[in-house]
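**Q** So that we are looking at the same thing, I have put the structure below in structure tokens.
Nothing in this text is a laboratory measurement; each read-out follows from the coordinates by a stated rule. Note that the structure is a prediction, hence the values are computed from the model and not measured. Counting neighbours? That spans all protein chains shown, and the Cβs are built from the backbone with ideal geometry, glycine included.
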Amino acid sequence: MNVNLIQLQSHGDERGALVSLEQSLNIPFQIKRVYYVFNTKESVTRGFHAHKELKQLAIAVKGSCRFLLDDGKEKVDVLLDNPAQGLMIDSFIWREMTDFSEDCVLLVLADAYYDENDYIRDYDKFLGLISDE
Ligand code: T46
């Protein structure tokens, strides 16, 4: 499985650093929603679902966490620890998030509004849908 890590330009100077996210320019979709995950408790895992349609870009803007991405055939483990790097997560990719650092702030850009009907929260159902494709 190809892991699509997008390198974002960091504008750094003696004052610090700045990264800009621009719809359809460095972000390859229309941004409909932005959310962030923070204050994660020790040893928690999140995710454990795939999406039917949703495409997202995840950036650890502070700290770090791991994504396990699974397309039903292959699993890859990706460490996000760079605020100038975005992980593209396509539809029909199972994701599990682990190893959140205490200070982790995970920013996610999404191409659609929140819709619980878009979630596949059962792994066997996910595998079934993948094999139907
Ligand atoms: C994903 C990973 C990376 C909302 O009300 N609006 C929202 O936009 C979102 C994303 C969630 N919620 C509610 C639904 C739940 O009651 O917030 C609660 C926590 O959501 P969830 O358990 O789905 O969180 P994660 O961290 O397991 O998954 C989230 C996204 O839901 C998911 O799309 O890909 O982050």
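**Q** To the nearest 20 Debye, how big is the dipole of the stretch 4-43 about its Cα centre, given +1 on the beta carbon of each Lys and Arg and -1 on that of each Asp and Glu?
**A** Using only the charged Cβ atoms, the result is roughly 260 debye.
**Q** About the Cα centre, and with charges only on the beta carbon of Lys, Arg (+1) and Asp, Glu (-1), how big is the dipole of the chain? Nearest 20 debye, please. Working shown, then result.
**A** Working: 14 positive and 23 negative charges, 42 e Å.
Charge dipole of the chain: 200 debye, to the nearest 20.
**Q** Related question: Which of the GluC sites (Glu not before Pro) across the stretch 6-106 are loop residues per DSSP, with 12 or fewer other Cβ within 10 Å?
**A** Numbers: sites: E14, E22, E42, E53, E74, E96, E102; in loops: E14, E22, E42, E53, E74, E102.
In loop regions of the stretch 6-106 (DSSP not H, G, I, E or B), the sparsely surrounded GluC sites (Glu not before Pro) are E14, E22, E42, E53, E74, E102.
**Q** Can you compute 3J(HN,Hα) from phi for each residue in the stretch 56-71, using the Karplus curve 6.51 cos²θ - 1.76 cosθ + 1.60 with θ = phi - 60°, rounded to whole Hz and x for Gly and Pro?
**A** Calculated HN-Hα couplings, in order: 9, 10, 10, 10, 7, 6, 8, x, 8, 7, 10, 10, 9, 10, 9, 9 Hz.
**Q** How many angstrom separate the Cα center of the stretch 33-52 from the Cα center of the stretch 64-119?
**A** 8
**Q** From zero outward in steps of 5 Å, how is the percent of C-alpha pairs of the chain spread across the bins?
**A** Bins of 5 Å from zero give 2, 10, 19, 22, 21, 15, 6, 3, 1, 0, 0 percent of pairs.
**Q** Another question, if that's okay. Tell me which residues come under 5 Å, amide H to amide H, from R33 once H is placed; ignore anything under 5 positions away on its chain.
**A** Here the answer is A110, A112, since their amide H atoms fall under 5 Å of that of R33.
**Q** Now for a separate question. Enumerate by residue number the trypsin sites (Lys or Arg not before Pro) in the stretch 1-82 meeting two conditions: DSSP loop (anything except H, G, I, E, B), and at most 11 other Cβ atoms within 10 Å of the site's Cβ. Let's see the in-between values first.
**A** Numbers: sites: R15, K32, R33, K41, R46, K52, K55, K62, R66, K73, K75; in loops: R15, K32, K41, K52, K55, K73.
Sparse-neighbourhood loop trypsin sites (Lys or Arg not before Pro): R15, K41, K73.
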